[in-house]
Structure formats: structure tokens, C-alpha cells
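Asker: Below is a structure I'd like to ask you about.
The values are calculated or read from the model by the stated rules, or taken from the named source; none is laboratory data. None of these values were measured; they are calculated from a predicted model. Here the Cβ positions follow ideal geometry from the backbone for every residue, glycine too, while neighbour counts run over all protein chains shown. Ligands, DNA and RNA are excluded from the accessible area calculation, which covers all protein heavy atoms including side chains. Shrake-Rupley method; radii C 1.70, N 1.55, O 1.52, S 1.80 Å.
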Amino acid sequence: MRCWRISATLALLLSATPALADESISNKLSGYESEARSLGMNLPMPSSLVAPQKTLTEAEVAFELGDYETAASALFDLASRPGPDREAATYYLGETLYQKGDRGAAHGYFTAIAQIPASKYYQLSLVRLVEISIAQQDMPAANDALAKLAAVGSASAQLPYVRGKVAFATQQYDDAINAFANVPHGSDFELQALYYTGASQVAKKDIAKATDTFTDLIGRKPRTNADRRVVELAQLALGRLYYEADEPSKSIDAYLMIDRHSDLFPDALYEVAWVYVKSKQFDKALRALELLEESDPGTSRTPTTRILEGNLRIRKAQAIRLAQITGTSLTNDTQDPGIEYDKAVKIFNDTHDQYYPSYQAISQVVDGNMDAAAFVDQLAGRTTHTVTSAPPIPDAAAQWLRDEPAVRRIVDAEQDLGEIANNIRRSEETIARLQAVIATNDRTNVYPAIASRRHRIAAIEASLVGIRNDLADQQLRLVDSSGDLAQLSAARKQLAQQYAQLGDPEAQYSGRVRDTRAGYDAIETTATEIESALDSTQAMAIAMRKYAMDSKPATDPTSDLDAAAKDAQDIEDELQDIRRQATLGKDLAGIGDPEIATARDLRRQLMRAQDAEQRSLDGFAAASHNRNASQSLAKLADRATQLVTMLDATDAQLDGIVAQGIEAAKADLSEQQTILGDSKQQLAQYEQEAHALGSAVLAQSFKDVKAKLYDVIVRTDVGVVDVSWSQKQDDDDDLKRLNLARSRELRQLHDEFKDVLEETTPPKQAPRKSDLPPVTEEGASPDSQTAPVNDRVAPSSGGKSGTQQPSVKPDQNAPKKKGGSK
């Protein structure tokens, strides 16, 4: 009985197993069917395969956020092609360049809008043209734009505002004040007009009215960032006015109202330090200078600040010493003037050591040992090589040169040209990469948005191959295969065996792509290590060049260093080419892979064999040993076949989209290459002109900066001398006080012991006549000035004890005196 039950249970389990397997396959197919439908929906169009161009709205948002680089990039494309947004893009492009400080480039775009009186940006462009003309000191152009603006007859605040700015620029201050007074209250230009009014009153020496104007201005509530900037400028101006009026407390209050996050805060700290100096509040001045050094290091004002700090240390030491002498010190009794003197010496020496190499480097250029043109790229940051044949300018000198107004304009122009050159270079590299990818004729991985779908389709099909093989094998066990079915099954099984030997082709393909890219990453790491070695080489080359300039060795290493620099530059060029190839290699990783192509071709053959076998199996379903099971398996096989058909159709659609996108990309790349060729020619012309102009400007600027650095060096040396001289004066004063104190003490002792001295000192004997020196005509001995110290005259008794004999014989013609000689 028990055996029978076990056999029945086993039979029941065996009969249930196919049902459970069918349910699992059905669930898998349902999931794949849902995923296949989603893969076939929202197929990208060929035009959307390339990155979409920025819209005017996106450019305006970037402009409002202050991201002028992004805004300019988007607006340039919109302004260069016809369309409804071209006019607005042209104006905003000009405004973006104006905000970046590139007034020359902005002028052209504002001029283009100024040719369209009907444009809503017409008046705004004219206002900018007036301001650009004032900045460029082109007053005829400013007056012409102002006349056009007046001809419009607009009642806005722009006309009186720009009219006042033109009058202010031409020093017609009364006209400027009247024009600014006509700016309506509540307009965007109200606070700016009020500031110019105060500046005009200062120019007219009307300090009282200017003070009232700026006081009124700082009480206004700013509405925009521009208004906030104007208020801070007014606070700075008010501090200067109070300083000139000798009202230090009000001046300090005005300066300290400026927010510490403002870019004007360093100016306020520097000027408030001078207010403290004028008020002899040396400790507060020192604190202001120390805070200034921390908040604004490395500027051209730094040496002046440090020299001032050193001088203040000297004054503080003198004040401490005076307070200690007079006993009026209310501060810590442990203060030592020597500590302040040591701090001053350290400040002067450190400043000297910091700026003396810059002075030497500038002197080499000014004296004709180096060409100023070689430093244009370095100042503009356009040096393409780490190792250079010319020693770079020290950072301090470079910063001072950049602070020169003329050099700053050259640097700005060179940086703009450098940015354009970099964009052209990156565009060329991108075009080369795209052309290389297109040349492979591999449509699977060209567009990432489509490649991900096609890879997923391939993965689903690989899974379906296994499911269909399993279903076919189950159906074959339920029928008696013969004839064509047997041949079809044998062919399918042979292909399935070959495909199974490949393992998981898609996973292996992903692994190969990952390994290839990892290899290129390793190359990138090695290139970075070589660049680090080149950095060290450049540092050693700079040190050796400096040693050669300072020490003048018998063997000049300059020629060897130049040769080494050339070799290093060749290495850098090769590294750059290796990086380009590595980037291209990563792009091409997996494209045209022969193994995945073979596997996918074999899978397509296997799927066709499965289709043929399944059609034949459908005809044997009626003769099955288990008709219900065969029908169930046939339904699952049909679902799998339909799913493969759906996936193949989607893949074919994607392949067609890729083909259209590639053709469009080829045409676009050809057009962009033509544009880049023209741009490179224009860039070369502009670079040549800018370089020639920059060389001329730098030649003069080097002389100016050399004079400034020389002044710093001399002032630091003078500062060290001042410390030594102050310490010498302190020592001399101490010696005088000691001598004076000694004299006072001796006099006091003499007075206290006067009686004792008179009693113990024996009276002097009168000299014999033969011992007396000869008498001159005046009656005095010629050796009286060299008489011994001990031969002093005895103190007089006041005439009460008789007449004392003089120690020197009086002249016979001299009148006689009672009481002895004095």
C-alpha cells in the first residue's frame, strides 16, 4: 500500500512539473513583451540625435544668473542664423559681452541693433553705445548716439542719464548735475544719477553738498545688484570726504559700513588703515592691515601695505618706549619695543626677498637681455607647454603687469583669443572623433540614446533563444519527428550548440569594452605621471636659470637648458597626441567588434532555424502523445516568435534612424569644417595683430613696473635702516638719561656731603712766585685751560672770614674785587 502511494505521488509530481515550467516561461515572456513595447515607443528622430541647440529662453536664464560664458555660447549661435530670435539674441549677446568687459566686441552687436529703429532693443542699444564711447573716449561717437536717442523722443530715464554721463565725461559738471536731476524718481537709474551728482560736486570742490548727496544716497534702499554697488561706492566716497575734512570717526564709520563680502571691502580696509594712522591709533591700523592681507593677498597693493605695517611697528615701538619712560602706559607692562622692532625688520626683509627676484627678472627684460614679446602668452595664460625656453616672470611681477590698465586690455584680448582657439581646437577634435566613428559603419554604438535600446534588444533576443530551444525540445519529446522536422531539428540543435559554446556574447562584449577602456585609462594615468615629471623638470630649469643669472658661472647652462626645453616640448606634443588617440580609442571601444558581430550573426541564423522548426512542429501538434501539453507549448513558442518579430522590427526602425542621422551628421560635419577653416584664418590674423600690439605695450609696461618694484626694494631697505636708526636713537637717549641721572646723583651727593668735604680737604698752599706761569697781557695764564682738575678754587666763605688769596695773580690794570677771585 505504501509503495503504491509513493508511486502515485511521484506520478502526480511529474505531471505537475511541465505546468510549473510553462507558468515560469509565460511570466518571462509577459515581462519581455511589456519591455519590447516600451522599447518600440517614443523612438528618437534623426534631428534629435545631435545635442539640441540652446533656446533663447535658456540663454536669457544663463544671462540673468550671471553665467555669461554659457549665455554667450548659446546666443552666438542664435544671433548668427536667421530666425525669430535673431534680433533678441544679438542684443543679449552684446549685453553679455559688455558685462564680461569685452566692450569692443559688444560694440558691433549694439551697432547692428542701432540700425533697426523699430526694434524694441533700439534705445537700450543706443544707451550702451554711449557708455562704450565714453569708456573709449570717443566723444563724437557718444554725441552721435546721444542725438539718435534724443530723436526718439522717449520720456524714459535713459535720456537724461546718458546725457549727464556725457556732460560728466567732458567735465561740464553743471550741465551734468542738471541732467542727473531730471532722472525720474523710482527709475532704474535714480541711484546711479545721484552718485554721479555727488561726484560732480566733488569735482567742483563743493564738498559740503557732495557730503549731503552721498549721505542721502547711502540711506536709500537698493533694489538691484547695481543699486547695491552704487551704495557701496557712495560709502567709500563718503569715507574719503570725511578723511579730507579731518573727521576720522565719521570716516571710519562710513568705511566700515561696506559689507565684508563686497569686492570693495579691501579698498575700505586699506583706506581706513590710513585714517587710523592719521589719528595715531597704530594698533587699530595694524589690525586693519593684517585683515587686509588675509582677505586680499597677492595684489599690487600688498608691498605698500606691508611697508606701511613695518613703519607702524616702528611707531608702535616708539610709543611703547615713551610710555614706559614717562610711566603713562596703561597697557600690558610686559610689552617690549624690541619685539615690535624685530617684527618690523622681518616684514621689511620678507617683502624685500619676495619682490627682489621680480625686480631682477623685469630688469633683464628692460636691459635688453630678453624680448618682452615672449611673455605675452605667459601673462595671458596661453602658454601651451609646461617647460618653456624662457624663464617665466615671477608671480609678483606678473600680477603687477596685469594690473597695468594697458596690459590688462591686452591680457583680456589674448584670453578671449585663447578661448576661441581652444573652442576651435576642441571642435576639430570632436569632428575628427565623429568622422572616425562614422567611418566604421557600425550603427549600433554611434548614438548612445539608441545604442542602449539596441543592446537591450540583443540581450532579450539572447534570452529568447534559450527559451525557444527549451520549448522546441519539450515539443519534440511529445511527437514522433521524422523527415523534414528531423532535419530542421538537427540543424537547429547544431546551431544552438555552436551558439552555446560562445557563452554569453553580450556579457563578454561588455567585458571587452570595459577592459579596453581601462587600458586607455592606464595610458592616461601614465601620461599624467610624465607630465608631473615635466613639471619637476621645469622647476629645476627655472632654478638653474636663476642661478646662472645671479652667479654668472664659468660655464653658461643656458644653451643646454634651451635644448632640454625643446626636447621637453616635443614630449609634451607627443603626450597631447597620445591623449587624443586614447580619447578616440575609448570612443571606438566596442565599435566594429568582430566577435560580437559573429555571435549576433550566428544568433540570427539560429532564430531563423527556430522559426522553421516551429512552423513544422505546429503541424505535428495533432499527433502529439499529449495534445494539451503540445498545444500549451505551441502557444508559448508562438508568443516567443511574435516577440522576436516585434524586437526585430524595432531594431530595424532604430537602424534606419541611425542611418538617417549619420547622413545628416556627415552633411553637418562638412559644413562645420568649412566654418572652422574660415574661423582659423580670422583667428590667425587677430592673434598676429594682438601679439604685435601686446609686445609694444609690454615693452613700456616693463619699464613702469621696474620703477615700481625698485621703489618697493628701496623702501624696504630704508625701512630696515629706519629700524636701526630708531634703535640707535633709543640707545643714545638712554645714554643721555643715564649720564644726566649720574650728574644729578653726583651733585646730590656733593650737596649732601659738602660739610664733610670742606673739613677733610686740606687748604691749598699758595704757589711760589717762581712757580707761577707767565702772565699774558690780559692777566690770565696761557695754560689756565689745561690746569689740573684737582686745582679747583676753594669755596668762598661769603666774606666773613677774611679775604682769600687768589690762585691766579690778577692783572694790575684790572679792578680789585673783595672776597677773592671767582
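Asker: Pop out the ³J(HN,Hα) list for the stretch 657-672 in order, Karplus 6.51 cos²θ - 1.76 cosθ + 1.60 with θ = phi - 60°, rounded to Hz; leave Gly and Pro as x.
Answerer: 4, 4, 4, 5, x, 5, 5, 5, 5, 4, 5, 5, 5, 4, 5, 5
Asker: Based on the alpha carbon coordinates of the stretch 434-580, what radius of gyration and maximum Cα-Cα distance (Dmax) apply, in Å?
Answerer: Taking only Cα atoms of the stretch 434-580, I get Rg and Dmax of 30.8, 103 Å.
Asker: Top to bottom by accessible area (1.4 Å), largest first, where do MET45, MET139 land? Spell out each step's value before the answer.
Answerer: On the way: MET45 105, MET139 40 Å².
My answer, sorted largest first, is MET45, MET139.
Asker: Accessible area of ILE325, 1.4 Å probe, to the nearest 10 Å²?
Answerer: Spelled out: ILE325, probe radius 1.4 Å, area about 80 Å².
Asker: Next up: Quote the accessible area belonging to PHE620 in square angstrom, nearest 10, computed with a 1.4 Å probe and with ligands, DNA and RNA left uncounted.
Answerer: Surface open to solvent at PHE620 totals about 60 Å².
Asker: Shifting gears a bit: Over the stretch 430-499, average the accessible area per residue using a 1.4 Å probe and give it in Å², no decimals. Walk me through the numbers on the way to the answer.
Answerer: Numbers: 3240 Å² over 70 residues.
Per residue, the stretch 430-499 has an accessible area of 46 Å².
Asker: Could I ask something else about it? Please compute the volume of the convex hull spanned by the alpha-carbon atoms of the stretch 507-624 and report it per residue in Å³. Don't skip to the answer; put the middle values down first.
Answerer: Numbers: hull volume 10.5 nm³, N = 118.
In the stretch 507-624, the Cα convex hull volume per residue is 89 Å³.
Asker: Suppose all protein chains stay in the model; what accessible area per residue would a 1.4 Å probe give for the stretch 133-238, in Å²? Could you put the intermediate results ahead of the total?
Answerer: Numbers: 5340 Å² over 106 residues.
Result: 50 Å² per residue.
Asker: Any of LYS209/LYS280; LYS221/LYS284; LYS280/LYS708; LYS165/LYS204 with alpha carbons more than 23 Å apart? Name them for me.
Answerer: Working: LYS209/LYS280 29 Å; LYS221/LYS284 31 Å; LYS280/LYS708 28 Å; LYS165/LYS204 16 Å.
Check vs 23 Å cut-off fails for LYS209/LYS280; LYS221/LYS284; LYS280/LYS708.
Asker: Take the Cα coordinates of the stretch 118-196, assign each an equal point scatterer, and use the Debye formula without solvent to give log10 I(q)/I(0) at q = 0.12, 0.21 Å⁻¹.
Answerer: The computed values of log10 I(q)/I(0) come out as -0.29, -0.92.
Asker: Moving on. Counting each pair of different Cα atoms once, what's the Kirkwood radius of the stretch 648-764 in Å, rounded to one decimal? Each step should come with its number before you reach the end.
Answerer: Working: mean 1/r = 0.0399 Å⁻¹.
25.1 Å is the Kirkwood radius here.
Asker: Let me ask another. Using the Kirkwood radius built from alpha carbon pairs, what does the Stokes-Einstein equation give as D for the stretch 49-118 at 25 °C and 0.890 mPa s, in µm² per second?
Answerer: 203 µm²/s
Asker: Which residue, HIS625, ALA582, MET646, has the largest displacement toward the positive end of the dipole of the stretch 548-670 when charges sit on each Cβ (Lys, Arg +1; Asp, Glu -1)?
Answerer: Positive-most Cα among the choices belongs to HIS625.
Asker: Same structure, new question: Going by accessible area, probe 1.4 Å, with all protein chains left in place, what is the ranking of PHE168, PHE76, largest first?
Answerer: PHE76, PHE168
Asker: Which stretch or stretches of the stretch 271-297 have amide N atoms under 16 Å from the point lying 7 Å from SER249's Cα along the Cα→Cβ direction?
Answerer: Answer for the stretch 271-297: 276, 279-281.
Asker: Next question, about the same structure. With a Förster radius of 41 Å, plug the Cβ-Cβ distance of MET45 and ILE420 into 1/(1 + (r/R0)^6) and report the FRET value to the nearest 0.05.
Answerer: Numbers: r = 32 Å, r/R0 = 0.79.
Efficiency at R0 = 41 Å is approximately 0.80.
Asker: Another question, then. For the modelled label position 7 Å from the Cα of ARG737 along Cα-to-Cβ, which residues of the stretch 293-323 have backbone nitrogen atoms closer than 14 Å?
Answerer: In the stretch 293-323, the label zone of ARG737 (backbone N under 14 Å from the point 7 Å along Cα→Cβ) covers 318-323.
Asker: Next question, about the same structure. Given the alpha-carbon gyration tensor of the stretch 59-177, what are the semi-axes of its equivalent ellipsoid in whole angstrom, ordered largest first, with each equal to the square root of 5 times an eigenvalue?
Answerer: Working: eigenvalues 142, 48, 28 Å².
They are 27, 15, 12 Å, listed from largest to smallest.
Asker: Still on this structure, I have one more. For the stretch 91-202, give the percent of accessible area contributed by carbon and sulfur heavy atoms, probe 1.4 Å, rounded to a whole number.
Answerer: Working: 2460 of 5010 Å².
Here it works out to 49 percent.
Asker: Here is a follow-up. Could you check how much of the accessible area of the stretch 446-528 is carbon and sulfur, as a whole percent, using a 1.4 Å probe? Intermediate values should be presented prior to the final figure.
Answerer: On the way: 2150 of 4140 Å².
Within the stretch 446-528, the accessible surface is 52 percent carbon and sulfur.
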